[in-house]
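Encoded as structure tokens, the structure appears first; notes follow it.
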Amino acid sequence: MTERTIRLSVNGREYERRVAVRWTLADFLRDELGLTGTHLGCEHGVCGACTVVMNGAAVRSCLLLAVQAQGAEIRTVEGLADGDTLHPLQEAFWEHHGLQCGFCTPGILMSFACFLEEHPAPSDAEIREALAGNLCRCTGYVNIERAVRAAVTKLAGGRAGAGPTGA
Amino acid sequence: MSRYVGQPVRRKEDPRLLTGSGRYVGDVRLGGLLHAAIFRSPLPHARIVRVDGSRARALPGVIAVFAPGDLGEVAPIPTTLAPRPALKACFQPPMPRDRVRYVGEPLAVVVATDRYVAEDALELIDAELESLPVVADARRGLAPEAPILHEALGTNLADRIVMSRGDVERALREAPRRIRGAFAVQRHTGVPMEGRGLLAAFDRGTGVLTVWGPTKMVHRNRSILADLLGYPEHLIRFIETDVGGGFGLRGEFYPEDFLIPWAAMRLPAPVRWLEDRREHFLATNHSRQQWHEVEMGVAPDGAILAFTDQALVDMGAYVRPNGFVAPDRTAAFLPGPYRIEHYAFEIACVFSNKTPVGSYRGPGRVESTFVRERLIDLVARELGLDPVDVRRRNFIEAGAMPYAVGTTAHGRPVVYDSGDYRAAFEAALRELDLEAARKRQAEARRQGRYLGIGFACVVDSSGVGPWESARVVVDRTGQVVVYSGTAGLGQGIETTLAQVCADALGARLEDVTVVHGDTGLIPFGIGSFGSRAAVVGGSAVFEAARKVREKAVRIAARLLEADPGDLVLEDGRVTVRGVPDRALTLRDLARAALPGQPLPAGMEPGLEATHYFHITDVTYPYGMDAALVEVDPETGMVRVLKYVIVADVGRMINPLIVDGQMVGGMVQGLGAALLEELAYDEGGQLLTTTFMDYLLPTAAELPAEVVVRVTEAAPSPGNPLGVKGAGEGGIIAVPAAVANAVEDALAPFGVTVTALPLSPDRVLGLVRASRR
Amino acid sequence: MKPPRFEYFDPTTVEAALDLLGEHGENAKVLAGGQSLMPLLNFRLIRPQVLVDLNGIGALAYVRPCDGGLALGALTRQRALERSAVVRERCPLVAQAVPFIGHAAIRNRGTIGGTLAHADPAAELPAVVTALGGTLVLRSIRGERVLPADRFFVSYLTTAAAPDEILVEVRLPGAGSRTGSAFQEVSRRHGDFALVGVAAIVSLGADDVCTAASVAVAGVGPVPLRVDDATRLLLGEKPDERTLAEVGRRVSEQLTPDADLHASSEYRKQVAGVLARRALGEALGKARGGGA
């Protein structure tokens, strides 16, 4: 029982792969599926660079075994944009200089993609607390918070626009 | 002409980084790739009896194990900065043969089919090491009984750096007041989010060795590798990848930068090594650890009459390529923005059995600023003056520029080129709203809360020469490519250089692409460090683009039968002034300049030009910081309520990027002030090898309010763009400003802050000691 | 930093899991949320031959009202505790403490059973369960036993659970009326393990006289410590600032914490008293307001 076949969905695509049971989900996504946007910054669950969304919840993919994702639906940074159209978070990070080296960025984007679904109108304090779960060594976080607030506004506008009365 | 320079344009790097399409060294995919792991010394000081890889080699999946004996004779890693030849004996070997000198020193390389197996194999390496006595604290490294790390040198004193001006002894003797202090800066370092890593592939047919991963100064690293391997330089190609932060540490030539390419030349397939987080703490340069004993002679009004410093710097176990930068710059920048006629600084650089040190963002400036700015607050306290006024009393006036400090940095005199320190300081006071802050402090104290205000004033240095290269090419599709000798470290160089090029050439920003860090495409380059890329690299791009512009205009003049003086090149189109429908695009002109086309007399074919921008002196940005903090004297917790940076970096190329550098540096500085320390036990074992123990700031530690004001009051006179470097200034003042604010908050207890980080334990210890 | 080799099983029933543990005993390790175990594996600080993953046992994830209190399935995620209305209502102390655990992504996976079985004395929930006087249900193929919290936590990272036992349920008494609770901690950064953490519960009679009080301190010893000798002072009293300060002083006095990288023994000792005073003050305030 040191290898298994697993089936899972990543960014809407189904995969079936044979995998060593000790492989982490992060290594599986990166090496086996070639989805290298998920980064490894510490491999002990602190930095958050490897954060992906599994079955709707943000999780550290370095602290999960690939076999634990059997049957799961995973979203990674590669699945965030809609084709060539960036997700509002991606747009806002670009607009507000919410990234520098970009290494922590995929984890932060996925954390907030999940967070904003649960908190469509977060307070500044809630944004800060959510961001505290990811380490960034370049930006000093201030522009990330700005970007998230901008994305919130944009997403709210989008929702209002889609409503029956329009914007 | 300044359509892009000065504008907060969005970064060209970002779309790929935001979509997971960046290519960091761990993301490069090559067929048959092998994975390396490194066996590291578990002991801080030991004689190597035997390193046996035979059990590891027998593990299925293991391709090779290389132990010290397998390497043959390899020279140690050189440094350009060693102050004396005898120190060659203390350079780090890629893998030691008879002695290890710090925990984490490489002792074997394992190569396997995947990293999991490689790590399994590490556990099967049999290393017999005979423990030796340890220098676990550099302060005891010069004691007669201390074990000697490098017997060939015969002492643990690597060097003594001395800088002085005037007659300090007399000035001190005659000073009305003399105030002493003793301060320590803790060992800490840059800790980028991505560890180091490299991938090396050897093509047996052509003999070409390709190395991906290292950045910062690929040309120099290629030269070092060529020398160490004894291999032709033209057969080695370095290719920079995206990197997860630099901060001075990444891109030094480390042991792995030899070991992995060396291994690749002996393997059937390419090999990659990725430094994991635990290795990173053990293997990558540490920095900053210093102890200072300082004294100032002052007049009753706070005028600084004399300044002395006896300091000791912990070098770690070897002299690494940038080991001497921090101690050198510490002495160079101790005087800071103040006019000090008499000073004497002496810095002993001492070996210890710890990870060797190198540069971390703002080397020497962070340390010297902490010491000087703390001492100035002590002076104010002793004299009963406002620390604001003591600073005002001593600033070098704008009219005194250029100002020779009298110190040297890297052997060259420190001469501040431009700056109005007083104006920047007053601006910082306004941004803080000093009066309101002091009122808030007084009100809080009535409620039993402890707020404090602290300042720190800094002169930074940037734009290290002696040259940088740029080649600007317009290809036949009209696209502009800038080949730069600088490096990308996440700072946005692909954007800033494109802005400079677009303006200088008259191209559209979206048509400009910056290529950097590939020795196969860029014959000569120096790189990105010491906040030099915009200053030196940007100036090279500016000049090269101007040459291309001139060439384009000359060709256009001929084709349009117009006078060059009547032509306008804008947005990638040349038009005749007043006749907008007569136009040629850069695409047209690039085609017209192809070899074989008729060209103006004496003109070389190709719409392209190369420029090497030479610069002799560095340029000096400056910054004035103010911090408002609250300290809980019952728990020792420090919260930063407001942090103000007023910085002057000359002319800005991209304000968005400059702002990002300032805030990012500031938060790193908060880490140094409050959280970060590479702690060793008394036996020389590193205790902080995880992110649970080495604490980086998170968003929760951010100041409640951050104000960054970047002024452009003092453009650099030394380069055509007027720019000064912005990469390091943000971090420099922070430990000092926060420490001064914490001491101010706890003034009712009469504490003196002498050491960092200001952990709750240390702060409460200060309060407790004051009550005894 | 990759896990060593192991065999992996993911049973879907408690019985199957118990069989596996019965078979492999000390060679097996139980994987719950993995937020502590996986780092240990990645660092190769532990090397079990067998990993028994409980995440497939849906029957172990529940929040159930029980005897006026709560029964919590061991696999209940910390995130679920944080969001549960019944947890807030019956055991507000749990809801108060959970936000101090790591960060959202950690709580999305971390379980109550996992954090209790890991038994880090600086963790939040062990102190909470200790303060509440909760009980823990352990099962093995040999049967089931129920232990009070103070007998479950044995030492640093050590519990009374045998190698073949699984912690399956945590039972917590409900908060009565006019009962207030609070959790306070000091950590180096938000989300870090506590340098010192304090869980406090106070109940008041009709005349504001304290009828019950309990404080457990995290980070000051090998297990979370109840400081009943100190809180006893409150019983039968109408506690004021001076009483609370005295309780704090006694808490501080009776502790002899170990030092580590992040804080000295002296620090922990002193701050435990401060936090006990503050947490009790906060809890009292809530109790006076009717409870929560």
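The values are calculated or read from the model by the stated rules, or taken from the named source; none is laboratory data. Keep in mind that this is a model prediction, so the values were computed, not measured. Heads up, the Cβs are rebuilt from the backbone with ideal geometry, glycines too, and the neighbour counts pull from every protein chain shown.
Would you be able to tell me the number of residues in the stretch B:121-154 that are assigned to a loop (DSSP other than H, G, I, E, B), closer than 18 Å to B:Gln310 by Cβ and either assigned by TED's automatic domain parsing to the domain that holds B:Cys349 or free of Cβ contacts under 8 Å to residues at least 24 places away in the same chain (or both)? Quick ask: steps written out before the conclusion?
Taking the stretch B:121-154 first, the residues assigned to a loop (DSSP other than H, G, I, E, B) are B:123-125, B:132-137, B:141-154.
Next, only the ones that are closer than 18 Å to B:Gln310 by Cβ stay: B:137, B:141-143.
Keeping just the survivors that are either assigned by TED's automatic domain parsing to the domain that holds B:Cys349 or free of Cβ contacts under 8 Å to residues at least 24 places away in the same chain (or both) gives B:143.
So the answer is 1.
Are any of the residues in the stretch A:9-21 at the interface with another protein chain (Cβ under 7 Å from one of its Cβ atoms), surrounded by fewer than 24 Cβ atoms within 10 Å (Cβ to Cβ), touching a residue at least 40 places away in the same chain (Cβ under 8 Å) and part of a loop (DSSP other than H, G, I, E, B)? The answer is yes, given that some residue of the stretch A:9-21 is at the interface with another protein chain (Cβ under 7 Å from one of its Cβ atoms), surrounded by fewer than 24 Cβ atoms within 10 Å (Cβ to Cβ), touching a residue at least 40 places away in the same chain (Cβ under 8 Å) and part of a loop (DSSP other than H, G, I, E, B). One residue is enough: does the stretch B:324-334 have a residue meeting the conditions crowded, with 24+ Cβ neighbours inside 10 Å, touching a Lys or Arg at 6+ places or on another chain (Cβ under 8 Å), in contact (Cβ under 8 Å) with a residue 24 or more places away in the chain and assigned to a strand (DSSP E or B)? Within the stretch B:324-334, not a single residue is crowded, with 24+ Cβ neighbours inside 10 Å, touching a Lys or Arg at 6+ places or on another chain (Cβ under 8 Å), in contact (Cβ under 8 Å) with a residue 24 or more places away in the chain and assigned to a strand (DSSP E or B).
What about B:Arg639, is it out of contact with any Pro (no Cβ under 7 Å at 6 or more places or on another chain), surrounded by fewer than 23 Cβ atoms within 10 Å (Cβ to Cβ), not assigned by TED's automatic domain parsing to the domain that holds B:Thr477 and not in a loop (DSSP other than H, G, I, E, B)? So that I can check it myself, show each step before the final result.
Working: out of contact with any Pro (no Cβ under 7 Å at 6 or more places or on another chain): yes; surrounded by fewer than 23 Cβ atoms within 10 Å (Cβ to Cβ): yes; not assigned by TED's automatic domain parsing to the domain that holds B:Thr477: yes; not in a loop (DSSP other than H, G, I, E, B): yes.
Criteria met by B:Arg639.
Figure legend. Inter-residue proximity from the stretch B:182-196: first residues under 21 Å from B:Leu756 (Cβ atoms) and more than 12 Å from chain A (Cβ to nearest Cβ), second residues hydroxyl-bearing (Ser, Thr, Tyr) and not in a loop (DSSP other than H, G, I, E, B), beta-carbon distance below 8 Å, spacing 6+ or different chains. Indicated pairs: B:Arg187/B:Ser287; B:Arg187/B:Tyr680; B:His188/B:Ser287. Scanning the stretch B:486-515 for residues that are in contact with a Lys or Arg (Cβ under 7 Å, 6 or more places away or on another chain) and in a helix (DSSP H, G or I) turns up B:Glu494, B:Thr495, B:Ala498, B:Ala502, B:Asp503, B:Ala504, B:Leu505. Taking the conditions (1) crowded, with 24+ Cβ neighbours inside 10 Å; (2) more than 30 Å from B:Thr189 (Cβ to Cβ); (3) more than 10 Å from chain B (Cβ to nearest Cβ) in turn, A:Ala121 satisfies each one other than (1). Contact annotation: residue pairs with Cβ atoms under 9 Å, 6 or more positions apart or on different chains, pairing a residue in the stretch C:101-113 that is farther than 20 Å from C:Ala218 by Cα with a partner that is modelled with pLDDT of 95 or more and among the hydroxyl-bearing types (Ser, Thr, Tyr), are C:Ala104/A:Ser111; C:Ala105/A:Thr51; C:Ala105/A:Ser111.
Which residue, of B:Ala583, B:Ala562, is over 13 Å from B:Val474 (Cβ atoms), more than 44 Å from the chain's Cα centre (by Cα), outside any loop (DSSP other than H, G, I, E, B) and without any contact (Cβ under 8 Å) to a residue 40 or more places away in the chain? Working first, answer last.
Working: B:Ala562 fails: outside any loop (DSSP other than H, G, I, E, B).
Result: B:Ala583 is the single residue among B:Ala583, B:Ala562 that is over 13 Å from B:Val474 (Cβ atoms), more than 44 Å from the chain's Cα centre (by Cα), outside any loop (DSSP other than H, G, I, E, B) and without any contact (Cβ under 8 Å) to a residue 40 or more places away in the chain.
Tally time: how many residues in the stretch B:741-761 are part of a helix (DSSP H, G or I) and more than 28 Å from the chain's Cα centre (by Cα)? Give the steps one after another, and end with the answer.
Here is the first cut: in the stretch B:741-761, the ones part of a helix (DSSP H, G or I) are B:741-745, B:747-749, B:760-761.
Remaining after also requiring more than 28 Å from the chain's Cα centre (by Cα): B:743-745, B:747-749, B:760-761.
Residues that pass the stated criteria total 8.
Being among the small types (Gly, Ala, Ser), outside any loop (DSSP other than H, G, I, E, B) and out of contact with any strand residue (DSSP E or B) (no Cβ under 7 Å at 6 or more places or on another chain) is the requirement here; does B:Ala647 meet it? Answer is no for this residue.
Restricting attention to the stretch A:67-100, the residues that are crowded, with 24+ Cβ neighbours inside 10 Å, within 12 Å of chain B (Cβ to nearest Cβ) and in contact with a strand residue (DSSP E or B) (Cβ under 9 Å, 6 or more places away or on another chain) add up to 2.
Only one residue in B:Arg554, B:Arg549 is assigned to a helix (DSSP H, G or I), within 30 Å of B:Gly727 (Cβ to Cβ), in contact with a helix residue (DSSP H, G or I) (Cβ under 9 Å, 6 or more places away or on another chain) and modelled with pLDDT of 95 or more. Which one? Only one candidate passes the filter, namely B:Arg549.
Could you go through the stretch B:693-704 and let me know if any residue there is outside any loop (DSSP other than H, G, I, E, B) and among the acidic types (Asp, Glu).
Let us first name the residues in the stretch B:693-704 that are outside any loop (DSSP other than H, G, I, E, B), namely B:699-701.
With the extra rule that they be among the acidic types (Asp, Glu), the set shrinks to B:701.
Taking every residue of the stretch B:693-704 in turn, at least one turns out to be outside any loop (DSSP other than H, G, I, E, B) and among the acidic types (Asp, Glu).
Quick check: is even one residue across the stretch A:49-60 over 14 Å from A:Ile74 (Cα atoms), part of a loop (DSSP other than H, G, I, E, B) and at the interface with another protein chain (Cβ under 9 Å from one of its Cβ atoms)? Yes, because at least one residue in the stretch A:49-60 is over 14 Å from A:Ile74 (Cα atoms), part of a loop (DSSP other than H, G, I, E, B) and at the interface with another protein chain (Cβ under 9 Å from one of its Cβ atoms). On the stretch given as the stretch A:61-103, residues that are under 16 Å from C:Ala105 (Cα atoms), of a type outside the set (Ser, Thr, Tyr) and part of a loop (DSSP other than H, G, I, E, B) total 1. Listed by position, the strands (runs of 3 or more DSSP E) inside the stretch C:13-81 whose residues that are not assigned by TED's automatic domain parsing to the domain that holds C:Ala105 number at least 1 are C:28-31, C:50-53. Among the residues of the stretch C:119-147, write down those that are in a loop (DSSP other than H, G, I, E, B) and among the basic types (Lys, Arg). Scanning the stretch C:119-147 gives a single hit, C:Arg142. Looking at the stretch B:523-534, is at least one residue under 25 Å from B:Arg573 (Cβ atoms) and surrounded by 24 or more Cβ atoms within 10 Å (Cβ to Cβ)? No - not one qualifying residue is present in the stretch B:523-534. Looking only at the stretch B:197-217, residues that are more than 14 Å from chain A (Cβ to nearest Cβ) and over 21 Å from the mean Cα position of the chain (by Cα) come to 12 in all. Just one of C:Glu23, C:Glu7 is within 7 Å of chain A (Cβ to nearest Cβ), surrounded by fewer than 20 Cβ atoms within 10 Å (Cβ to Cβ) and either modelled with pLDDT of 95 or more or closer than 30 Å to B:Glu279 by Cα (or both); which is it? The conditions single out C:Glu7. Here B:Glu712 meets the list (1) without any contact (Cβ under 8 Å) to a residue 40 or more places away in the chain; (2) acidic (Asp, Glu); (3) more than 14 Å from every other protein chain (Cβ to nearest Cβ) almost entirely, failing just condition (1).
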